[in-house]
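The values are calculated or read from the model by the stated rules, or taken from the named source; none is laboratory data. Because the structure is predicted, anything quoted here is derived from the model rather than measured. Backbone-built Cβ (ideal geometry, glycine too); neighbour counts: all protein chains shown. Please note that ligands, DNA and RNA were not included when accessible areas were found on the heavy atoms of the full protein model with its side chains. Shrake-Rupley method; radii C 1.70, N 1.55, O 1.52, S 1.80 Å.
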Amino acid sequence: MASAALVLFSAGQDSATCLAWALDRFDRVETIGFDYGQRHAIELTQRPILRNTIAGLSPAWAERLSGDIVVDLKGYGALAESALTSDRAIEMAESGLPSTFVPGRNLVFLTVAGAQAYRRGIDVLVGGMCETDYSGYPDCRQETLDAQLRALALGLARPMRLETPLMHLNKAQTWSLADALGGPALTNAIIEHSHTCYEGDRTNRHDWGYGCGVCPACDLREKGFKTWENSAA
Ligand code: ZN
């Protein structure tokens, strides 16, 4: 039977790498994105551009890449208000978590992705969750994800697997993985079209891509890129 996977694809560096990883392994790959009222809709604008560019890197990838859906989760975004969905400053909250933490985000995304996978006859989800760089987010932990997938499999009465190829990689290693999967054509596509910056800045172009250059997401992306560049040199 042909293998199929549904990739949680947001147009960030991580999910772009996950999409290439899935296209390298599965016969059919579909994508899902979420509009949860992100304070900058830039990533939703970049999504189809990045998706088409990655598919265009190889005839086999173009053939494998199939459907896409963007699910409207603005109601959830409104109740889970954080610095990612409102104009609040990005800082450390009293809970010890950054104000960019959207409570339960991965749990909601995985439930909705599980429903879509079920509809589409897919039993593998692929997500860019990562313990290494975002250890402060409790819904990115392996333990949380394992429990969630078990609940999904029980609730759907169907096996459901989650692949997280970036779980133990740092940002530099994620660049290395992209390079191994698609060479400079892929890393250049990610630099040019993926979006990570919390401020939604696409006016400042750095050697690692677009962004304000100062927010935590830009800082992480820049450091990872420099480390990778130095190790590859
Ligand atoms: Zn930024």
*For P159, are the conditions met, namely being more than 15 Å from the ligand (Cβ to nearest atom), open to solvent by 70 Å² or more (accessible area, probe 1.4 Å) and assigned to a loop (DSSP other than H, G, I, E, B)?*
yes
*Tell me which of these I49 doesn't satisfy, since it passes every other one: (1) part of a loop (DSSP other than H, G, I, E, B); (2) modelled with pLDDT of 95 or more; (3) open to solvent by 50 Å² or more (accessible area, probe 1.4 Å).*
(1)
*Search result, residues across segment 163-180 that are open to solvent by 30 Å² or more (accessible area, probe 1.4 Å) and not in a loop (DSSP other than H, G, I, E, B)*: E163, Q173, S176, L177, D179, A180
*Within the set of pairs 6 or more residues apart or between chains, which connect a residue that is closer than 16 Å to L125 by Cβ and small (G, A, S) inside segment 56-79 to a residue that is open to solvent by less than 60 Å² (accessible area, probe 1.4 Å) and not in a helix (DSSP H, G or I) with Cβ atoms less than 7 Å apart?*
S66/V29; S66/E30; G67/E30
_Tabulated pairs, segment 208-233, first among the acidic types (D, E), second open to solvent by less than 60 Å² (accessible area, probe 1.4 Å) and not in a helix (DSSP H, G or I), C-beta under 6 angstrom, 6+ apart or interchain_ = E222/W208
*Which pairs do you get when a residue that is more than 25 Å from G37 (Cβ to Cβ), found in segment 182-205, comes within reach of a residue that is in a loop (DSSP other than H, G, I, E, B) and away from the ligand (no atom under 13 Å from the Cβ), reach meaning Cβ atoms under 7 angstrom, with the pair 6+ apart or on two chains?*
G182/L57; A185/L57; L186/L57; A189/L57
*asked:* Just to be sure I understand, how many residues within segment 186-231 are closer than 22 Å to I54 by Cα and either away from the ligand (no atom under 15 Å from the Cβ) or open to solvent by 60 Å² or more (accessible area, probe 1.4 Å) (or both)?
replied: 11
*Out of segment 132-156, which residues are charged (D, E, K, R), part of a helix (DSSP H, G or I) and surrounded by fewer than 17 Cβ atoms within 10 Å (Cβ to Cβ)?*
E143, D146, R150
*With respect to S176, determine if the residue is more than 16 Å from the ligand (Cβ to nearest atom) and either of a type outside the set (D, E) or modelled with pLDDT of 95 or more (or both).*
yes
